[in-house]
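> Below: one structure in structure tokens.
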Protein chains: 2
Amino acid sequence: MALTMHSASVPVFARMLGHMDLWLEKAAAHAEARKFDPKAFLTARLAPDMLPFPNQIQIASDNAKGCVARLAGVEIPKYEDTETTLEELRERLRKTIDFVRSVPEAKFEGAEGRAIELPRRTGEPLRFTGEQYLVHFALPNFYFHATTAYALLRHNGVELGKLDYLGRDR
Amino acid sequence: MALTMHSASVPVFARMLGHMDLWLEKAAAHAEARKFDPKAFLTARLAPDMLPFPNQIQIASDNAKGCVARLAGVEIPKYEDTETTLEELRERLRKTIDFVRSVPEAKFEGAEGRAIELPRRTGEPLRFTGEQYLVHFALPNFYFHATTAYALLRHNGVELGKLDYLGRDR
């Protein structure tokens with residue numbers, strides 16, 4: 001198997017999003033065992049000017065679906081960021097997995113050289129080749145938000161370990 | 001430019017390790033401005049059973065040098081994990097950048113299919129193809145420790161923003 005723009009994106013996102021779904025399942029079980037409202041997780045932040053937990057999940061999802069859609073040249077599905085429970089965030093993760101897996105591998109042909117533009121709130125858009133966008137922007141940004149979500153749960157007492165991050169099949 | 005095992009590893013690690021070096025520079029400046037001992041960062045943890053700050057830097061370094069060496073089939077440089085100051089941790093980062101950049105690109109030929117074994121403390125080693133190891137283990141693990149280092153500095157008041165993570169040239 002050669003490394004391709006597809007193999008370096010779709011299965012990578014799908015796998016980690018699946019792990020994240022399990023972290024949220026553990027968070028819900030932790031709240032139930034300790035008899036606190038699982039919504040307490042939803043306001044957790046690591047610093048007052050960092051985004052709270054739901055945004056970390058939503059932005060990880062946005063990175064995955066945006067990256068796959070841009071590389072494949074298909075429309076980015078729009079999700080409304082209205083999740084207010086752990087269960088809704090889990091649905092968001094599963095919906096994102098289903099989307100990235102639904103994009104045909106053939107559409108990634110030539111994705112390395114595809115011109116990618118990311119609009120910014122102000123100024124010129126960010127411009128990348130598909131390859132630069134994947135390895136220097138979308139993947140690090142995706143892992144940033146995945147890891148921050150993990151860190152927030154760990155910081156708040158959920159019993160997660162490195163294998164929950166890397167995968168239990170390792 | 002095609003996506004290759006080299007382009008998906010060496011410049012990716014080198015770039016992020018360079019960003020990490022700048023985070024530590026900012027952490028040192030923050031301690032100086034606030035007149036506290038910068039060593040206070042070295043015991044910071046996000047949870048009592050997570051590793052403290054220096055280990056996050058050391059393990060990110062280990063992932064980068066270990067991944068590049070394994071994929072290229074060269075010896076992994078051994079660093080002793082004896083850093084006790086921010087400056088020494090910055091040297092560790094820069095040494096790691098120099099190493100990953102020193103490995104000739106030609107040695108990555110066929111790295112996708114190379115058999116990679118990671119010893120574990122107990123039980124069978126983890127076994128991967130080079131490709132699986134890079135995209136499903138080394139990169140996520142590297143970003144885990146980089147992001148945790150970033151989160152620890154943010155949690156402790158250092159003024160970092162997303163561009164410090166993704167790169168100011170974005």
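The values are calculated or read from the model by the stated rules, or taken from the named source; none is laboratory data. Bear in mind that the values here come from a model prediction, so they are computed numbers and not experimental data. Cβ atoms come from the backbone with ideal geometry, glycine included; neighbour counts cover every protein chain shown. Please note that ligands, DNA and RNA were not included when accessible areas were found on the heavy atoms of the full protein model with its side chains. Shrake-Rupley method; radii C 1.70, N 1.55, O 1.52, S 1.80 Å.
> Can you tell me which residue is nearest to B:LEU153 (Cα to Cα) among those in region A:47-60 that are within 12 Å of chain B (Cβ to nearest Cβ) and crowded, with 21+ Cβ neighbours inside 10 Å? Steps first, please.
Going through region A:47-60, the residues within 12 Å of chain B (Cβ to nearest Cβ) turn out to be A:47-51, A:56, A:59-60.
Those still in the list that are crowded, with 21+ Cβ neighbours inside 10 Å too: A:56, A:60.
Numbers: A:GLN56: 18, A:ALA60: 21 Å.
Among those that are within 12 Å of chain B (Cβ to nearest Cβ) and crowded, with 21+ Cβ neighbours inside 10 Å, it is A:GLN56.
> Restrict the check to region B:18-29 and report whether at least one residue is over 19 Å from B:ALA146 (Cα atoms), part of a helix (DSSP H, G or I) and either within 14 Å of chain A (Cβ to nearest Cβ) or out of contact with any Ser or Thr (no Cβ under 9 Å at 6 or more places or on another chain) (or both).
From region B:18-29, those over 19 Å from B:ALA146 (Cα atoms) are B:29; that's our starting set.
Still in the running and part of a helix (DSSP H, G or I): B:29.
Narrowing further to those that are either within 14 Å of chain A (Cβ to nearest Cβ) or out of contact with any Ser or Thr (no Cβ under 9 Å at 6 or more places or on another chain) (or both): B:29.
For region B:18-29, residues over 19 Å from B:ALA146 (Cα atoms), part of a helix (DSSP H, G or I) and either within 14 Å of chain A (Cβ to nearest Cβ) or out of contact with any Ser or Thr (no Cβ under 9 Å at 6 or more places or on another chain) (or both): present.
> Here is a follow-up. Looking only at region B:119-130, which residues are closer than 30 Å to B:THR43 by Cα and at the interface with another protein chain (Cβ under 10 Å from one of its Cβ atoms)?
In the first step, residues of region B:119-130 are kept if they are closer than 30 Å to B:THR43 by Cα; the result is B:119-122.
Residue satisfying the conditions is B:ARG120 alone.
> On to the next question. Any residue at all in region B:152-164 that's at pLDDT 95 or above, part of a helix (DSSP H, G or I) and more than 10 Å from every other protein chain (Cβ to nearest Cβ)?
Yes - at least one qualifying residue is present in region B:152-164.
> For region B:130-169, name all the residues that are over 19 Å from the mean Cα position of the chain (by Cα) and either over 25 Å from A:MET20 (Cβ atoms) or surrounded by fewer than 16 Cβ atoms within 10 Å (Cβ to Cβ) (or both).
B:ASN156, B:GLY157, B:VAL158, B:GLU159, B:ASP169
A quick yes/no check of all residues on (1) outside any strand (DSSP E or B); (2) open to solvent by 20 Å² or more (accessible area, probe 1.4 Å); (3) within 12 Å of chain B (Cβ to nearest Cβ); (4) under 19 Å from B:TYR165 (Cα atoms):
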site	(1), (2), (3), (4)
A:ASP62	yes, yes, no, yes
A:LYS65	yes, no, no, no
A:GLU88	yes, yes, no, no
A:LEU93	yes, no, no, no
A:PHE99	yes, yes, no, no
A:GLU117	no, yes, no, no
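> What are the residues in region A:33-45 that are under 18 Å from the mean Cα position of the chain (by Cα) and either open to solvent by less than 80 Å² (accessible area, probe 1.4 Å) or at positive phi (or both), if any? Let's see the steps before the verdict.
Taking region A:33-45 and keeping what is under 18 Å from the mean Cα position of the chain (by Cα), we get A:41-42, A:44-45.
Correct list: A:PHE41, A:LEU42, A:ALA44.
> For B:TYR133, are the conditions met, namely being touching a residue at least 12 places away in the same chain (Cβ under 8 Å) and at the interface with another protein chain (Cβ under 9 Å from one of its Cβ atoms)? Step through it out loud before you land on a result.
Values: touching a residue at least 12 places away in the same chain (Cβ under 8 Å): yes; at the interface with another protein chain (Cβ under 9 Å from one of its Cβ atoms): no.
Spelling it out, it is not the case that B:TYR133 is touching a residue at least 12 places away in the same chain (Cβ under 8 Å) and at the interface with another protein chain (Cβ under 9 Å from one of its Cβ atoms).
> A follow-up question, please. Among the residues of region B:67-86, write down those that are over 17 Å from B:PHE128 (Cα atoms) and open to solvent by 50 Å² or more (accessible area, probe 1.4 Å).
B:GLU75, B:ILE76, B:LYS78, B:GLU80, B:ASP81, B:THR82, B:THR84
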